[in-house]
1. Please state the equivalent ellipsoid semi-axes for the stretch 334-457: what are the square roots of 5 times the Cα gyration tensor eigenvalues, largest first, in whole Å?
2. Kindly identify the stretch 150-225 as rounded, prolate or oblate by the Cα gyration tensor criterion: order the square roots of the eigenvalues as a ≥ b ≥ c, call it rounded if a/c is under 1.5, otherwise compare a/b with b/c, prolate if a/b is larger, else oblate.
3. Please give the length that would be gained between residue 53 and residue 220 if that part of the chain were fully extended, namely 0.36 nm times their separation in residues minus their C-alpha to C-alpha distance (nm, one decimal).
4. I'd like the trypsin sites (Lys or Arg not before Pro) in the stretch 261-308 restricted to DSSP loop residues with at most 10 other Cβ atoms within 10 Å, sorted by number.
5. Take the alpha carbon gyration tensor of the stretch 295-389, find the square roots of its eigenvalues, order them as a ≥ b ≥ c, and report rounded if a/c is under 1.5; if not, report prolate when a/b exceeds b/c, else oblate.
6. Whole-Hz ³J(HN,Hα) for each residue in the stretch 352-357, computed from phi via Karplus 6.51 cos²θ - 1.76 cosθ + 1.60 with θ = phi - 60°, x for glycine and proline: what do you get?
7. Just name one of 410, 443, 433: the one whose Cα is farthest towards the positive end of the charge dipole of the stretch 400-529 (beta-carbon charges, Lys/Arg +1, Asp/Glu -1).
8. Give the peptides 304-310, 241-247, 115-121 in descending order of average Cβ contacts within 10 Å, highest first.
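We did not get these values from a lab; they are worked out from the coordinates using the rules stated. Everything quoted here is computed from the prediction, not taken from an experiment. Positions of Cβ are backbone-derived with ideal geometry, glycine not excepted, and every protein chain shown enters the neighbour counts.
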Amino acid sequence: MVVAVGAACDPVATGTDASASHRRRVTGRSSPRLSVVNISPRSYSSPTWHALLAVACLVSGFGIATGVRAQDAPPTDGVPQDWPLDDAPALATLAARHGLSIGNAMRDGFQTLDRAELYRRIVSHEFDITTPESSLKWALLRPTEQRYVYAPLDAIVDFAASEGIDLHGHPLVWHRINPPWLDGVAPERIEAVMTDHIAEVVGRYRGRFQVWDVVNEALEDAGPALRSSVFFDAMGERFIDIAHATAHQADPGAELIYNDFGVGWPTAKSEGMFALLERLQARGVPLDGVGFQMHIDHPFAHVEGVSTNLQRAADLGLDVWITEFDVGVQSVDDHDAQAMLYEDILKRCLMQPACRAFQIWGLDDFYSFRPFVDPLPFDDRVQPKPAFFAMRRALSSEPVHLEGCELEGLRVSRGDIVPVAAGGQGARSEASIARCDGVRLGPGYARLSVRYRNAGTLAPSLSVSTAAGEELARVALEPTAATRDGVHRTVTIDTAVRPTGDSTLIVAVEGDPEGADVVGIDALLFESPDGPVGVEGAATPSPSRGGGGATGLAWWLVGLPVPALRRWRVSGPGSRTWPAWQPRHAGYTRLPRSTAPSGPVKE
Ligand code: XIL
């Protein structure tokens, strides 16, 4: 309303083009002139002003009504409702080969969603862990201090049990989505209210939830300090200790993690988080790991930084869950770039043995908590986007964790293998060799990525050969400069030959490094580069929800310009009719790579 009024009273109304040209810059089109009457603030009591107000209310009312109507789910006529898509292995099957869990966040009331059956089929086929998206949040779970509402949560718990899917609890303690009654609790009672809550909830589901986000987002948005909250203000930082101890007591078998956003790559906030985790460990708090939420947007420039922070957590002896992954994009043209980020981050998780799970936050764009940037691997019709196939491709790659190999003249240092200095500093022992058994090269990989660091000035080389002596690849370990994202670099080369089957690989560091711990190799990753990520005939995403034509204008008027504009940009000025669905994956599944990712995976 303020915007409508403002619009009515701003210079535009008087015909000056400043803001008009400003609006043109923002929207790329000139908005219709809003009024011809020159209204000065003095005349707010005038009948004209009241008439204008009435019109603005009517328009915004219409805007909201149509906007909401535009939120209706897209028609599914002609859209496949069956799953699995093809005979390729499920994501969970591919992930299990790496000891990794792959999951999603389950929407409350999933049973009654527009495409509930397809939703269920995809979740039960593709994932082996799921997180209730909202039903554990206090405002929904505990509307009054004495009353717990478990039905929505139980529906998810029962579904997971019936499909053999693990459960990730989220969150036990959070500063958001809390019920109003909590604000009325005296500070001296907050600790009891919190511990009662945790004991009640974790106790009720003892043995059913494999992992809990005990405390969520305790750091300020940009960190590094802890944020004020009803829990922190009452107990200080020790509310985290108490929450973890209470959860551990209620279910000693469950893993307990701290979860936050903006910490998955080196940031001031992640520094604050690692310092917090070290303090918790020093105080003996039961803590098994950390959750990197990873809500990111394309373009994202910190892929190397993600590996750095994964290792940083591993160096603390903590496992990492990527708990809420999604990638915001501005347009359908970014879907391939989006897919690449899904692939790259998932591969970084595979390269780090301490990375335990990769979980997306939701399933399809329509029900995403960031609907305006289409962040998920399934579109509004719950149809797979390039990002889904990119997850398959990532999980079909083969990481080699060098710290798990048999080492000669090499030792492990912060997750890297580094040449052992023979007889003191500088000199290197005869051979620096890692012998890695059981590397599953399946039908063959033609590309190798090597993540390493070299703080020196020389470039020793790394060779990778089969036990039979066939050299697969040779990489010059050029010096790596320290950046905000760490000291490592990842180089990707085509292998000289296409190794197949299960092999023992010999990884050798040749050439004299300039001292102990100057050169370190973190991990290798074999992959098959072939096949497009983007798929021909990919359906255009759904048009603006509440952004098209008159509705767009109405949205604009009711003061929600950003989302509507974004929507406009993302989906282009379209009518609100949903474009006819085009079979997207037909081309894709016929690509050889999708049906034979690697090795004996036909389960
Ligand atoms: C979001 C849910 O997806 C929305 O449906 C809800 O309205 C708000 O919360 N970080 C978290 C999640 O830890 O719990 C949030 O989930 C998204 C950001």
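1. Over the Cα atoms of the stretch 334-457, the semi-axes work out to 39, 15, 12 Å.
2. Prolate, since a/c reaches 1.5 and a/b exceeds b/c.
3. 56.1 nm
4. In loop regions of the stretch 261-308 (DSSP not H, G, I, E or B), there are no sparsely surrounded trypsin sites (Lys or Arg not before Pro).
5. prolate
6. 10, x, 7, 7, 9, 7
7. Towards the positive end, the residue furthest out is 443.
8. 304-310, 241-247, 115-121
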